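A short reminder: the numbers here are calculations on the coordinates, not readings from a lab. Just so you know, these numbers come straight off a predicted model, no measurement behind them. For neighbour counting, all protein chains shown are included, and Cβ atoms are generated from backbone atoms with ideal geometry for every residue, glycine included.
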Amino acid sequence: MAGATELTENQKAYLQIKTVTAVFDRARNLELARIGLNMPQSEILYCLKVAKGPMTPMKLARMTHKQPHTVSALVHRMERQGLVSTKKDMKRKNWVRVSLTKKGEEALKRWSTTTEVPDALSVLSERERESLHTITKKLHNRGLELLRKFQPDPYGEPLFW
């Protein structure tokens, strides 16, 4: 094909990661749909479970690397479903505290036993899983650097850290 665009090896590797991620995300969402959850909901439930101290939508956004408005909308939908509860902080009236409900705890238990998709990593040897961990940790750190470079803080100022 004349004039075809050639990708660099880094671009090809990036597309490979995106493809694998898309396949696993789709499979995991289908698996979780069987128990009435999706990945974003299960991520919020897990963050609330392991949190040390009170959680706000802003803290959840930071933990999940999502936009604050995205997490706020998700939390409100989850509250309507009875998975979480919110209440205004009595000391800081403009803050909302998010917590798990009994129904959210039960959903989290169902989530933790739904493991067919995560267990797909069993095709890797222990050494390959260790390598994957090392590689993804490096890529995660580099991705965070890129986020700080490209994404302004919530107040419109560039991040300088």
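Here are the numbers for this structure:
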quantity: Filter result for the condition that a residue is of a type in the set (K, R), farther than 30 Å from L139 by Cα and touching a residue at least 24 places away in the same chain (Cβ under 8 Å), over R80, R28, R110; calculated: R110
quantity: Test: T70 is loosely packed, with under 12 Cβ neighbours inside 10 Å and out of contact with any Gly (no Cβ under 6 Å at 6 or more places or on another chain); calculated: no
quantity: Test for L60: is it surrounded by 12 or more Cβ atoms within 10 Å (Cβ to Cβ) and not charged (D, E, K, R); calculated: yes
